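The values are calculated or read from the model by the stated rules, or taken from the named source; none is laboratory data. Values in this document were obtained by computation on a predicted structure and should not be read as measured data. In this analysis, Cβ positions are derived from the backbone assuming ideal geometry, glycine residues included, and neighbour counts consider all displayed protein chains.
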Amino acid sequence: MTIEKISRKIGNREFTIETGRIAKQAHGAVTVQYGDTVILAAVVSEKEADESKDFFPLTVEYREKAYAAGKIPGGYFKREGRPSERETLVSRLIDRPIRSVFDDDYTNETQVIVTVLSSDRENPADILSMNGASAALMVSDVPFEDALGSVRVGMVNGQLLINPTIAEMETSDLDLVVTGTKDKIVMIEAGANEITEEQMMEALHFGHQAIRELAEMQAELRARAGKKKREIARKEPNSEIESKVAAAIAGEFDKIFGGGSKEDREEGVKKLYKEKVLGAFDTASADFKEGPVKAAFEKFEKKYVRELIVRKGKRPDGRQNREIRNIDIEVGVLPRTHGSSIFTRGQTQALCVTTLGTGDDEQRIDALEGDIAKRFMLHYNFPSFSVGETGRYGSTGRREIGHGALAERALKPIIPTDPDVFPYVVRVVSDIMESNGSSSMASVCGGTLSLMDAGVPIKAPVAGIALGLVTEGADWKVLTDIAGIEDHLGDMDFKAAGTRKGLTALQMDLKISGVTDAILLEAFDQAKEARFKILDKIAAVIGSPRENFSSYAPRIIALQINPEKIGALIGPGGKVIRGICEETGVKIDIDDSGRVLIA
């Protein structure tokens, strides 16, 4: 197998994709280099589909090797262990866009493994990994036809940058990761310091120019070194089964959709399927297979709901396109916490709690790029009872980590960063009590409320909203505040959070091949309108942060001493400072500048 390499200047440095050197037994493998950061992406897909699975079993794993940054892992075993939170988030970032490109009929188990081999601590590996996964799929025999390019767009002093360095990102007002084909955008992930929708659209267009080049590079690599693509085993519909199902449900969906509660609609659908659909078949026959019958029923349900929205302008629960479900807000609901709130929107409810801590409570992360200290954290929990189901109750799942990171990104720009003004570490926990769509955005709203209830001097309140999209041919509708069924049967999950001034977070995932500018502009417009309405609701309950902290929150006093006196305060072996702490019960933190925090 010959080695093929393609290089182009993307941003301010060379971007190189190579195949044929390593991992040659994988069905597709590439290395990607940018600066001195290098990743390996390898793809393997089973030759036969598992007929028992009616979904696409795609697994994406991203791993950072300690040797990539010249480190030896800590701990007793001195080797990499379970995935870190960052590794989980990057795995999701790779997974989300490529999943939407696969053909619906392809259900062969597929695994994409991305490994960081070298890190220059200047160019992040996530963008390389996203491009590497797409390139590995392109050169493989796996039926993946549309090359996906991914870039990061920053904004420093009003200037847009492609793939800014880690140092440049420290002063950037925008952290936008965008993925697309040469024609359309398919995924967005962004954090921002209150930028406008117009600025975000400009950044998306700017990023798409580089995306086209990256997609062209992958297409050229496929032409040079790509394997012949597999034929997809098409699943032909059973016309006899579909005819029977259609006759059984004739006129029935009209009675179920168009109003009522989630529970009533779900019960109505279950009853229709069990009584009328299955009743039309001889289920006792040895030849009967329920799978094709259920698939046909779900196909008709999806078609009905989508046409209801696009053709008739109605939604499953009876709302208009721009209508937000009823909102109920409470603050100060838990007596011993530092700040708390319950935010309810329709049948989605988040219990959010803010806790204030001292410097000892900082989260310290040993990352490839260096040590990171986090003074603000948001953790999201989604227990199974929130959707009326039993389920696993244990360690935090990928979805919970991803939703928490999105809500944290939305609130981070409003948290005070000057330790002289606000020396506290802040943790927000969002426990989802009920869910029927957009619990992450409920966490943003509830998090804002609990922060203000705790007396955190936030820059401005933040609200979040989720929107959906349904397309039928050339017709389409953008839906404000999507419920679970609209998310499940629709084409887009578009989440936007921000203040009255501008956006602080944005996330978009698709089930279709891309969206046009017209759809994006409409989504931005509806999201802004909804965000302002929710901010009005928040202001009516609590207009500004409380002036006083909870009596159960720690009190921190900041002092400045002569740096030459630090040694005297600490004492030999820490004797002096330890004695003060033991005698008074306080905590004392000192930094090299002579700044002393007493809690």
Residue list for segment 3-62, restricted to those being touching a residue at least 24 places away in the same chain (Cβ under 8 Å), part of a loop (DSSP other than H, G, I, E, B) and of a type in the set (Gly, Ala, Ser): 11, 20, 26, 35, 49
Meets criteria (in a loop (DSSP other than H, G, I, E, B) and in contact with a strand residue (DSSP E or B) (Cβ under 6 Å, 6 or more places away or on another chain)) for residue 337: yes
Any pair with Cβ under 9 angstrom, 6 or more apart, that starts in segment 573-599 at a residue that is of a type in the set (Ser, Thr, Tyr) and ends at one that is modelled with pLDDT under 85 and surrounded by 13 or more Cβ atoms within 10 Å (Cβ to Cβ): 584/598; 593/563
Segment 500-526: number of residues that are within 16 Å of the chain's Cα centre (by Cα), modelled with pLDDT of 95 or more and either polar (S, T, N, Q) or not in a strand (DSSP E or B) (or both): 2
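Test residue 322 against the criterion of being within 20 Å of the chain's Cα centre (by Cα), at pLDDT 95 or above and charged (D, E, K, R), and give yes or no.
no
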Filter result (of a type in the set (Phe, Trp, Tyr) and either assigned to a strand (DSSP E or B) or buried (at least 16 other Cβ atoms within 10 Å of the Cβ) (or both)) within segment 361-396: 376, 380, 382
Flag if residue 194 is part of a helix (DSSP H, G or I) and charged (D, E, K, R): no
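Condition check ((1) of a type outside the set (S, T, N, Q); (2) under 22 Å from residue 508 (Cβ atoms)) across all residues:
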residue: 115; (1), (2): no, no
residue: 129; (1), (2): no, yes
residue: 135; (1), (2): yes, no
residue: 154; (1), (2): yes, yes
residue: 170; (1), (2): yes, no
residue: 174; (1), (2): yes, yes
residue: 186; (1), (2): yes, yes
residue: 203; (1), (2): yes, yes
Condition check for residue 344: among the β-branched types (Val, Ile, Thr) and either over 27 Å from the mean Cα position of the chain (by Cα) or assigned to a strand (DSSP E or B) (or both): yes
Residues of segment 253-280 satisfying the condition of being surrounded by fewer than 17 Cβ atoms within 10 Å (Cβ to Cβ), at pLDDT 85 or above and under 22 Å from residue 319 (Cβ atoms): 254, 255, 263, 264, 266, 267, 268
Subset tally (residues that are within 29 Å of residue 501 (Cβ to Cβ), in a helix (DSSP H, G or I) and not small (Gly, Ala, Ser)) for segment 531-588: 9
Output for segment 79-99, where each listed residue is surrounded by fewer than 20 Cβ atoms within 10 Å (Cβ to Cβ) and touching a Lys or Arg at 6+ places or on another chain (Cβ under 8 Å): 80, 83, 87, 92
Set 442, 497: member being part of a strand (DSSP E or B) and surrounded by 19 or more Cβ atoms within 10 Å (Cβ to Cβ): 497
Inter-residue pairs, beta-carbon under 6 Å, first small (Gly, Ala, Ser) and in segment 228-255, second surrounded by 10 or more Cβ atoms within 10 Å (Cβ to Cβ), 6+ apart: 248/276; 248/277; 248/280
Qualifying residues in segment 40-83 (those that are out of contact with any helix residue (DSSP H, G or I) (no Cβ under 9 Å at 6 or more places or on another chain) and aliphatic (A, V, I, L, M)) - the one modelled with the lowest pLDDT: 49
Count of segment 420-433 residues which are out of contact with any Asp or Glu (no Cβ under 6 Å at 6 or more places or on another chain), touching a residue at least 40 places away in the same chain (Cβ under 8 Å) and either surrounded by fewer than 24 Cβ atoms within 10 Å (Cβ to Cβ) or among the aliphatic types (A, V, I, L, M) (or both): 9
Any hit, segment 175-189, residues being touching a strand residue (DSSP E or B) at 6+ places or on another chain (Cβ under 7 Å), surrounded by fewer than 17 Cβ atoms within 10 Å (Cβ to Cβ) and outside the structural domain of residue 408 (by TED's automatic domain parsing): no
Within segment 381-395, tally of residues that are hydrophobic (A, V, I, L, M, F, W, C) and either farther than 17 Å from residue 352 by Cβ or outside the structural domain of residue 439 (by TED's automatic domain parsing) (or both): 2
Subset of segment 470-486 [surrounded by fewer than 23 Cβ atoms within 10 Å (Cβ to Cβ), under 20 Å from the mean Cα position of the chain (by Cα) and of a type outside the set (Val, Ile, Thr)]: 484
Selected residue (only one of 411, 406, 449 is hydrophobic (A, V, I, L, M, F, W, C), over 22 Å from residue 536 (Cβ atoms) and either part of a loop (DSSP other than H, G, I, E, B) or at pLDDT 95 or above (or both)): 406
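Tally time: how many residues in segment 63-78 are charged (D, E, K, R), assigned to a loop (DSSP other than H, G, I, E, B) and surrounded by 11 or more Cβ atoms within 10 Å (Cβ to Cβ)? Can you show your working first?
Our first condition is that a residue be charged (D, E, K, R); within segment 63-78, this holds for 63-65, 71, 78.
Of the ones still in play, those that are also assigned to a loop (DSSP other than H, G, I, E, B) are 65, 71, 78.
Then drop every residue that is not surrounded by 11 or more Cβ atoms within 10 Å (Cβ to Cβ), which leaves 65, 71.
Final tally of qualifying residues: 2.
Mind listing just one residue for me: the one in segment 542-599 that is acidic (Asp, Glu) and out of contact with any strand residue (DSSP E or B) (no Cβ under 8 Å at 6 or more places or on another chain) and, of those, modelled with the highest pLDDT? Spell out how you get there, then give the answer.
Step one: filter segment 542-599 for residues acidic (Asp, Glu), giving 547, 564, 582-583, 589, 591-592.
Filter again for out of contact with any strand residue (DSSP E or B) (no Cβ under 8 Å at 6 or more places or on another chain), leaving 547, 564, 582-583, 591-592.
Details: 547: 93, 564: 81, 582: 83, 583: 83, 591: 82, 592: 81.
The extreme case among them is 547.
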Count of segment 589-599 residues which are in a loop (DSSP other than H, G, I, E, B) and either under 30 Å from residue 335 (Cβ atoms) or within 35 Å of the chain's Cα centre (by Cα) (or both): 1
